[in-house]
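> Following this message is one structure expressed as structure tokens.
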Amino acid sequence: MAKNEMKSRNRMGRRGLLKGLGAAAAALPFLSRMPVSAEAATPKVIFFGTPNGFLVGPDDNASRGYAGWRPPGFSGSEGALASALPGVFAPLTRHRDDLVFVEGLTRLGSMHQHRVAGSALTGRPIGENSTRPPDFYATGISLDQFIAARAGATPLTTAFNVGSSNSGGERYYSYLGANRPVTPIQNPRDAFDRVFAGATSDPVAERRTIRRRRLLDLAGRDLATLERRVPSADRDRVRQHIASIDALDRELTEGGIGASCAAPTRPGDYDFLAYQSLPQVIRQHSAVVARALACGYTNTATIMCGNTGGRNQPQWPEYGINSSYWDHAISHVFQGIPGPLSEGLSQGEAVRLGLAMQTAYNDLFANLLDELANLEDVDGSRVLDNTLVIHFKGMAENHSSDRLMWLLAGGRNLGVRGGRLKVVGPGGRGSDARHIPDFLTGILQTVGLTDVDTFGDPAFNGTPIDFG
Amino acid sequence: MVRFCSALLLVLTACNGVIGDGGSGIAAGSGPGDRGGSPGPTLDFECDEGAGFTVGHTPLRRLTAEQYRLTVRDLLGVEALDADTVRTLSLIPDGQVETFASTTLAPDTENVRSYLTLAEDLAAGARARGLESLVSCDRSDEACARSFIEDFGRRAFRRPVASIDGALVDDYLALYQEESAATDADTAFQTLLTAMLLSPHFLYHAETADLDAAVGELAPLDGYSVASRLSFLIWSAGPDDALLDAAEVGDLSDAAGVEEQARAMLDDPRARIGMRRFHEQWLRLSRTKGLERDDPQWRDGMGDTLREEALRFVEHVVFEGEGTLRELFTASYSFPGEGVAELYGVEPAAVPFGRVELDPESRAGILTQPALMAQFGSLFPEVHRGLFVREQLLCDPLPAPPPNVVDLPVEDRTVTSPCSGCHLSMDPIGFGFAAYDDLGRFRPENARQGEVRDTGRLDDPNILGTFDSVPELAENLARSSDIEHCVTVQWVRYATGRHVEAEDACGVDRIEAAFRESGGDIGELLVAIATSEGFRARHVSELE
């Protein structure tokens, strides 16, 4: 081979490298936003994750003064919801007919409850890490990424402050694959810009985009050089970095949906990581996500209200809470089990704070449903009717994650019958347990991906849950 | 209600029966040096001079947030790190190896976006402050640009740019030319700076080893890679020009040269920063950040004050004091910040963080400092304190607690199976701290006799048995070979950003021996790590 040829081959850019990624590249979405149909509404999915559990459990706890989600006298495996939803679920009453309470889910195996973050949307156990610091990651792709990839799209992954240290894998729900967590967008303005950036005639902005693409191109070339320097065991990670650069470059190239979609107000500049910002951040993420789905930017999105363990302090005066205790500590004491950093918190106060917190999360979830209900899809129906919206949690009461309850909303046009409570399993670990993958596979089949019989770890797949 | 164990109870399977089978701090593996980090057979392995020497695999890592911050500070000046930059940096999470930050995951799209934003903001800031401080030549001159690429690039990439790839300088020069043609020279320089801060050669700890020069299973790292390892170990930031010069002329090609540099670096004020970073992570001092206490002696922001006290104490011990592990654990003085002397019950120093003398009957170095006691809280303190000693000081990790646990009285926790399996190995140690409340105040009326009842792994006669006070425990720990081993392991983890593997066992033994021979001198421990074969080489199998 001529020397020049050798040099040329060695210095191929990241596009050339991507061609060599084989199976890894095959799993990559090809567009930063999905193709849009003018006639048929696309099925959509949003995952709305909140920390810890709903706390209240299925039934009334009259002695402690709060209600569960089951209607009075409920028995059996299915029934109608109360006309006015009780207790912490009251904010959802206006969406009662679009809701399915799915009770009795079981997490995977004996996995630690804080690790559910990595399995909730992947349906797979997390990677083993015997050490105490919670640096753990999922072992497969998450459902949001899977559904988006099938449509050639990229999910919109957003969150309120998930922490930067000491929270490890609790920061992530969305995964591109094993050990490939997707960092959520935490600044609502960044999420807005991602979706609504459009073609511009501003020469300064144009020059900025050209410059950014040039910078990414150079970084990609540097990575190609780096790839040759590092041991073979590290090369996959270098290629993943190249893929991330390529995805950002595509995003810059294609832009958002710009003027083709009525945008909400662009979020301002504020401390989006401050504890008191959670309600504002989640509402702004919700507004962007709803329109991103309505306008065909993508078909899946995730909104995380902090990390799974709840390392945020609920300082939300609009919900009657201003506490310096962590969400997680409050959840512990709620159940009468003092936990880390819960010194001085009485159970009575924890119940008050916990109920207010759960009410707030449900109100923010209801707000997301409002956004979806108020937008019209291409088929003339509400976007909510073509969207499955799942309010999920990694835990049930306190640390119990064997009796999970997840809330499904929307999807009327996809065959979901709302206004119901479904008890899908006993919630234990017996042979009749219904594990998280049954829920996830049920979602897949409901959005029309009926060729997929199982999702996640086959050992925990039984019969997909039917939401019809 | 089903009653299990308290908030920190442990997986049933791993803690049943004999306690503390693990404890070397070295991860289990299949190699000949496996000392067993978990239950299972422990292989004997003689680390003779003639034994084949090997080293564990060091994965490609990115700069941690703290390394990024400190390296940028050295490159662009402390004023480069404004609030926006710090916030953007916080959006790129670090991974962890035990309690140490180490990031091995590939950056995803959002991380790349944050890196891009950071690089743009840092470069824009540098321009706003005046590029003259970075570029002294005529910025419209292409030769000036080339010189900048070579000089700044050498520091940013921690090796000569041309040594990475012969065409790299030209690649960056082409960027300058394009941008200069489209805009102006200053914008072109700003763009160059952005590109370099976005480059993987800046963001990664990328090392070069010479397979052709391999001896046995070890391929020596080149001087620049050794310079980087040294620099991040001792300064927690990238190498300066002098260190890169030393690498260039071959002064880091043998242990003697590395030792000379390491000693000089330890005398540099930047070593204080590195020392703080290690101890902050090892002793989990960041847990005091944002800490709140409902206590009349608690002041706003006191968590930060407590952490600063602990770090100043560490600095003093290492750089002004004896510099030994013994002093770290047994010294009866400290440097309390505002309002903290009252917690000790002593008169405050003339200035915040001034030295005060403490009662040696009740105070023992870092172990009784409020920063440690406060991070454990007042709920089940015996569990958390005992666990800290087990995991952080003795490298004897215990499994995570099982799900669905509830409180159980102390007596049941340490007597009733299966909880007692693990709790017996930590609660009795924690009982010995009972005289200290959750702010580290000495309250002897709360005390009860402490006892380490481990009958398993802890065969060190200095640790076994009862202790009547924390100073007594500290004395025992300071004399213990177990803690010397654990501190060695913790520093090697920090130095390499990875778990210590079975393949590292002999290397760790040698470092530990040097540490012991020095009388537990922490500076000497760093020199021993820096000069060790494992620190200056990679395993050949990684390169083939």
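> How many residues are under 27 Å from B:His205 (Cα atoms) and open to solvent by 30 Å² or more (accessible area, probe 1.4 Å) if we restrict to region B:469-513?
Of the residues in that region, 6 qualify.
> Which one of A:Pro279, A:Pro231 is surrounded by fewer than 22 Cβ atoms within 10 Å (Cβ to Cβ) and away from chain B (no Cβ under 14 Å)?
Selected residue: A:Pro279, the only one of A:Pro279, A:Pro231 that is surrounded by fewer than 22 Cβ atoms within 10 Å (Cβ to Cβ) and away from chain B (no Cβ under 14 Å).
> So, one more: Can you name the condition, by its number, that A:Gly306 falls short on among (1) within 13 Å of chain B (Cβ to nearest Cβ); (2) under 22 Å from the mean Cα position of the chain (by Cα)?
(1)
> Among the residues of region B:86-114, which ones are under 15 Å from A:Gln186 (Cα atoms), β-branched (Val, Ile, Thr) and under 23 Å from the mean Cα position of the chain (by Cα)?
Correct list: B:Val86, B:Thr88, B:Ile92.
> Can you tell me which residues in region A:414-423 are on the phi < 0 side of the Ramachandran plot and over 22 Å from the mean Cα position of the chain (by Cα)? Talk me through it step by step, then tell me what you get.
Within region A:414-423, the subset on the phi < 0 side of the Ramachandran plot is A:414, A:416-418, A:420-423.
Result: A:Arg417, A:Arg420, A:Leu421, A:Lys422, A:Val423.
> Oh, and also: Name the single residue that is farthest from A:Asn312 (Cα to Cα) among those in region A:324-344 being at the interface with another protein chain (Cβ under 9 Å from one of its Cβ atoms) and either touching a Gly at 6+ places or on another chain (Cβ under 7 Å) or among the hydrophobic types (A, V, I, L, M, F, W, C) (or both).
Taking the candidates together, the pick is A:Ile337.
> Pick out the one residue from B:Ala227, B:Ala247 that is open to solvent by less than 30 Å² (accessible area, probe 1.4 Å) and over 19 Å from the mean Cα position of the chain (by Cα).
Only one candidate passes the filter, namely B:Ala247.
> Looking at region B:144-163 only, could you name the residues that are open to solvent by less than 20 Å² (accessible area, probe 1.4 Å) and farther than 14 Å from B:Ala188 by Cβ?
Answer for region B:144-163, where residues must be open to solvent by less than 20 Å² (accessible area, probe 1.4 Å) and farther than 14 Å from B:Ala188 by Cβ: B:Gly153, B:Ala156, B:Phe157, B:Arg158, B:Arg159, B:Val161.
> If A:Phe160 satisfies every condition in (1) without any contact (Cβ under 8 Å) to a residue 12 or more places away in the chain; (2) buried (at least 24 other Cβ atoms within 10 Å of the Cβ); (3) more than 7 Å from every other protein chain (Cβ to nearest Cβ); (4) not β-branched (Val, Ile, Thr) but one, which is the exception?
(1)
> Out of the residues in region A:55-71 meeting the condition of being in contact with an Asp or Glu (Cβ under 6 Å, 6 or more places away or on another chain) and within 10 Å of A:Pro86 (Cβ to Cβ), tell me which one is most open to solvent (accessible area, probe 1.4 Å).
A:Arg70
> In addition: Among the residues that make up region A:403-420, is at least one of them open to solvent by 20 Å² or more (accessible area, probe 1.4 Å), at pLDDT below 95 and in a loop (DSSP other than H, G, I, E, B)?
Looking for residues that are open to solvent by 20 Å² or more (accessible area, probe 1.4 Å), at pLDDT below 95 and in a loop (DSSP other than H, G, I, E, B), one finds at least one in region A:403-420, hence yes.
> Could you count how many residues in region B:353-376 are more than 16 Å from B:Leu473 (Cβ to Cβ) and out of contact with any Ser or Thr (no Cβ under 8 Å at 6 or more places or on another chain)?
Of the residues in region B:353-376, 3 are more than 16 Å from B:Leu473 (Cβ to Cβ) and out of contact with any Ser or Thr (no Cβ under 8 Å at 6 or more places or on another chain).
> Can you tell me which residue in region A:345-385 is farthest from the other protein chains (Cβ to nearest Cβ), limited to those that are polar (S, T, N, Q) and open to solvent by less than 10 Å² (accessible area, probe 1.4 Å)?
Ranking the candidates gives A:Asn362 first.
> So, in region B:193-222, exactly how many residues are touching an Asp or Glu at 6+ places or on another chain (Cβ under 8 Å), buried (at least 24 other Cβ atoms within 10 Å of the Cβ) and in a helix (DSSP H, G or I)?
Qualifying residue count, region B:193-222: 2.
> Can you find even one residue in region B:506-522 that is within 14 Å of the chain's Cα centre (by Cα) and not small (Gly, Ala, Ser)?
Within region B:506-522, one or more residues are within 14 Å of the chain's Cα centre (by Cα) and not small (Gly, Ala, Ser).
> Let me ask you something else. How many residues does region A:448-468 contain that are buried (at least 19 other Cβ atoms within 10 Å of the Cβ) and among the hydrophobic types (A, V, I, L, M, F, W, C)?
Of the residues in region A:448-468, 4 are buried (at least 19 other Cβ atoms within 10 Å of the Cβ) and among the hydrophobic types (A, V, I, L, M, F, W, C).
> For region A:322-344, which positions are open to solvent by 20 Å² or more (accessible area, probe 1.4 Å) and without any contact (Cβ under 8 Å) to a residue 60 or more places away in the chain?
A:Asn322, A:Ser324, A:Tyr325, A:Trp326, A:Gly336, A:Pro338, A:Pro340, A:Leu341, A:Glu343, A:Gly344
Here is a yes/no grid of residues against (1) over 24 Å from B:His201 (Cβ atoms); (2) in a helix (DSSP H, G or I):
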{"site": "A:Ala191", "(1), (2)": "yes, yes"}
{"site": "A:Val195", "(1), (2)": "yes, yes"}
{"site": "A:Gly198", "(1), (2)": "yes, no"}
{"site": "A:Leu215", "(1), (2)": "no, yes"}
{"site": "A:Asp234", "(1), (2)": "no, yes"}
{"site": "A:Ile245", "(1), (2)": "no, yes"}
{"site": "A:Pro267", "(1), (2)": "yes, no"}
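> Name the single residue, out of those in region B:56-87 being within 9 Å of chain A (Cβ to nearest Cβ) and part of a helix (DSSP H, G or I), that is nearest to B:Cys395 (Cα to Cα).
If we take residues in region B:56-87 being within 9 Å of chain A (Cβ to nearest Cβ) and part of a helix (DSSP H, G or I), then B:Ala65 is nearest to B:Cys395 (Cα to Cα).
> Next question. Taking the conditions exactly as written (at pLDDT 95 or above and either within 22 Å of the chain's Cα centre (by Cα) or in a strand (DSSP E or B) (or both)), does A:Asp438 satisfy them or not?
When the stated conditions are applied, A:Asp438 passes them.
> Return a yes/no flag: does region A:427-441 have any residue that is within 22 Å of A:Pro71 (Cα to Cα), open to solvent by less than 30 Å² (accessible area, probe 1.4 Å) and among the aliphatic types (A, V, I, L, M).
There is no residue in region A:427-441 that is within 22 Å of A:Pro71 (Cα to Cα), open to solvent by less than 30 Å² (accessible area, probe 1.4 Å) and among the aliphatic types (A, V, I, L, M).
> Let me ask another. Kindly provide the set of residues from region A:242-267 that are open to solvent by less than 20 Å² (accessible area, probe 1.4 Å), within 14 Å of chain B (Cβ to nearest Cβ) and more than 22 Å from the chain's Cα centre (by Cα), ordered by number.
Selection gives A:Ile242, A:Ile245, A:Asp246, A:Asp249.
> Next question. Counting only residues that are more than 8 Å from chain A (Cβ to nearest Cβ), more than 23 Å from B:Asp82 (Cβ to Cβ) and touching a residue at least 40 places away in the same chain (Cβ under 8 Å), which one in region B:104-143 is least open to solvent (accessible area, probe 1.4 Å)?
It comes out as B:Arg139.
For every residue, the table says whether it meets (1) without any contact (Cβ under 8 Å) to a residue 60 or more places away in the chain; (2) outside the structural domain of A:His241 (by TED's automatic domain parsing); (3) open to solvent by less than 10 Å² (accessible area, probe 1.4 Å).
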{"position": "A:Val182", "(1), (2), (3)": "yes, yes, no"}
{"position": "A:Asn187", "(1), (2), (3)": "no, yes, no"}
{"position": "A:Asp190", "(1), (2), (3)": "yes, yes, no"}
{"position": "A:Glu206", "(1), (2), (3)": "yes, no, no"}
{"position": "A:Thr209", "(1), (2), (3)": "yes, no, no"}
{"position": "A:Arg213", "(1), (2), (3)": "yes, no, no"}
{"position": "A:Leu216", "(1), (2), (3)": "yes, no, yes"}
{"position": "A:Arg221", "(1), (2), (3)": "no, no, no"}
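> In region B:363-370, is there at least one residue being under 30 Å from B:Leu424 (Cβ atoms) and touching a strand residue (DSSP E or B) at 6+ places or on another chain (Cβ under 7 Å)?
First, pick out the residues of region B:363-370 that are under 30 Å from B:Leu424 (Cβ atoms): B:363-370.
Pick out the ones that are also touching a strand residue (DSSP E or B) at 6+ places or on another chain (Cβ under 7 Å) and you get B:368-369.
Yes; the residues of region B:363-370 include at least one that is under 30 Å from B:Leu424 (Cβ atoms) and touching a strand residue (DSSP E or B) at 6+ places or on another chain (Cβ under 7 Å).
> Taking the condition within 21 Å of B:Arg493 (Cα to Cα) and at pLDDT below 95, does B:Glu259 pass?
Values: within 21 Å of B:Arg493 (Cα to Cα): yes; at pLDDT below 95: no.
No; evaluated as a whole, the condition is false for this residue.
> Ok, one more. Could you tell me whether B:Arg299 is in the same structural domain as B:Asp251 (by TED's automatic domain parsing), at negative phi and open to solvent by 10 Å² or more (accessible area, probe 1.4 Å)?
It is false that B:Arg299 is in the same structural domain as B:Asp251 (by TED's automatic domain parsing), at negative phi and open to solvent by 10 Å² or more (accessible area, probe 1.4 Å).
The values are calculated or read from the model by the stated rules, or taken from the named source; none is laboratory data. Everything quoted here is computed from the prediction, not taken from an experiment. So basically every Cβ, Gly included, is an ideal-geometry build from the backbone, and we count neighbours across all protein chains shown. Just the protein is used for accessible areas: all its heavy atoms, side chains included, with ligands, DNA and RNA removed. Shrake-Rupley method; radii C 1.70, N 1.55, O 1.52, S 1.80 Å.
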